[in-house]
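*Asks:* Dropping the structure in here first, questions after.
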Amino acid sequence: MRHVRRALAFCLLLAGALLAGPASAAPDPLAAIASCVPGGACTHPLEVRAVVVTMFEIGADSGDAPGEFQLWKERRHLDARIPFPQAYHDLWYNPETKVLGMVTGMGSIKSATSVLALGLDQRFDLTHAYWIVAGIGGVDPADASVGSAVWAHYLVDGDMAHEIDPREIPRDWKYGYFAVHSKGPNDPAPAEAVNGEMMELSPSLQDWAFRLTRDITLPDGPGLAATRAAYVGYPNALRPPFVLEGDNVAAMTYWHGTLMTAWANDWVKYWTHGKGEFVTSAMEDTGTFQSLIYLTRIHRADKARVMMLRTASNYTMPPTGVTAAEYLLRENQGYSAMHGALESAYLVGGKVLDTLLADWPKYEKAPPK
């Protein structure tokens, strides 16, 4: 009788174990947020260690011609799709690495609203998340070559300004485009960026990212070599792709030309009081960072954990002997160095991401310096 009772007890324990499932099985974090409404309360938010911020994709998110997001999705196994109806594009997540990928949409309006929507979404714990903005852009041939990767320190807004038609510019004006509240483009008075005209990223974090990646050999090839060969007289434009530091002008207008490049250099010097150096042009970075500044104030993000990486898909001005109009229209058919720039963004940004994740207990507590 004793043996029967023992056998019955064992069967009951086994049945209970089978019903309960493996004792060591960890809860599925994606299942925990599945019942949470986007933007609503969520008791078990998803841990995010890094957000990879891209701005556009071409066609599908994988399996075709890549835009800024595709290489990250495919190579970083961002396979879990998370609905994100309050913004431009659904999110993709890797539960093992806890990396989240997003596509903001092009332009500062979409980038700002998408990033703000993510930061306010209670399905995600972004308390210690690093933000790696990895996009393509134009590059000043005086500073770098196509395919190069540039870490920004200053972000300068290229839209907030006064402007008159170039045909009405006074003879002693260098530009018809000048700072709000100034007395014209020749006004020597230093400007204070009180309306978001200029933003400064964490210098120590940007310098750390640059030191970590500056010796990476970036992709090169006949196409890149042919594009840069036309820029005789610009030593940095003739170099194979390399990693450097330089500042970004974000503007909603696709501008181009020798005169516009001169304006961008002057614009950055003006707003940074001579501390910055224009190197890359893009559209979204000031909008992205402005939202992260606001989110930091309510402890939904940390602006000290933001890195801005732009890789050069084209030059901001034509080579000698080609007009600005001719070159701009040609580039609109497809950036000459886009593929190389996308690979560089993934390679350089990926090095930073791997380093952060490999020593997460350390970097969770405080950003690297």
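*Asks:* Fewest first, what order do ILE33, ILE216 take by the number of other Cβ atoms within 10 Å?
*Replies:* The most exposed by this proxy come first: ILE216, ILE33.
*Asks:* With the cut-off at 1.5 for a/c, could you classify region 194-249 from its C-alpha gyration tensor as rounded, prolate or oblate?
*Replies:* The shape class here is oblate.
*Asks:* Viscosity 1.002 mPa s, temperature 20 °C: what is the translational diffusion coefficient of region 157-237 from Stokes-Einstein with a Kirkwood Rh over Cα pairs, rounded to a whole number of µm²/s?
*Replies:* Stokes-Einstein gives a translational diffusion coefficient of 124 µm²/s.
*Asks:* For region 255-369, calculate the relative contact order in percent as a whole number, restricting contacts to Cα pairs under 8 Å that are 6 or more residues apart.
*Replies:* Computed over region 255-369, the figure is 27 percent.
*Asks:* Starting at the first residue of region 217-230, write each ³J(HN,Hα) from the Karplus equation 6.51 cos²θ - 1.76 cosθ + 1.60 with θ = phi - 60°, in whole Hz, x for Gly and Pro.
*Replies:* Working through the residues one at a time gives 7, 8, x, 9, x, x, x, 5, 4, 5, 5, 7, 4, 6 Hz.
*Asks:* Same structure again: Using each residue's phi in region 32-48, evaluate 6.51 cos²θ - 1.76 cosθ + 1.60 at θ = phi - 60° and report the 3J(HN,Hα) Karplus result to the nearest Hz, with x for Gly and Pro.
*Replies:* Computed from phi, the couplings for region 32-48 are 5, 9, 4, 8, 7, 7, x, x, x, 5, 8, 7, 10, x, 7, 6, 10 Hz.
*Asks:* Helix 258-271: angle to the longest alpha-carbon principal axis of the chain, degrees 0 to 90, nearest 10?
*Replies:* 70
*Asks:* Hey, what do the phi angles of region 98-103 turn into as Karplus ³J(HN,Hα) couplings, whole Hz, using 6.51/-1.76/1.60 and θ = phi - 60°, x for Gly and Pro?
*Replies:* Whole-Hz 3J(HN,Hα) from phi for region 98-103: 6, 9, 10, x, 9, 10.
*Asks:* Relative to the longest principal axis of the C-alpha atoms of the chain, give the angle of the C-alpha long axis of helix 203-213, reported between 0 and 90° and rounded to the nearest 10°.
*Replies:* 80
*Asks:* Could you state the angle between the C-alpha long axis of helix 285-297 and the longest principal axis of the C-alpha atoms of the chain, as a value from 0 to 90 degrees rounded to the nearest 10?
*Replies:* Roughly 50 degrees, rounded to the nearest 10.
*Asks:* Could you list, bin by bin from short to long, the percent of Cα-Cα pairs of region 174-286 in 10 Å steps?
*Replies:* Result, from short to long distances: 11, 35, 34, 16, 3 percent.
*Asks:* Using only the Cα atoms, what convex hull volume per residue in Å³ does region 255-369 have?
*Replies:* With only Cα atoms used, region 255-369 gives 140 Å³ per residue.
*Asks:* Report the charge-dipole magnitude of the chain in Debye, nearest 20, computed about the Cα centre from +1 at each Lys and Arg Cβ and -1 at each Asp and Glu Cβ.
*Replies:* With only Lys, Arg, Asp and Glu charged at Cβ, the dipole is about 1500 debye.
Only the coordinates and a few stated rules stand behind these numbers; no lab work does. What you see is a predicted model; the values in this text were computed from it and never measured. Using ideal geometry, Cβ is built from the backbone for each residue, glycine included, and neighbour counts are taken over all protein chains shown.
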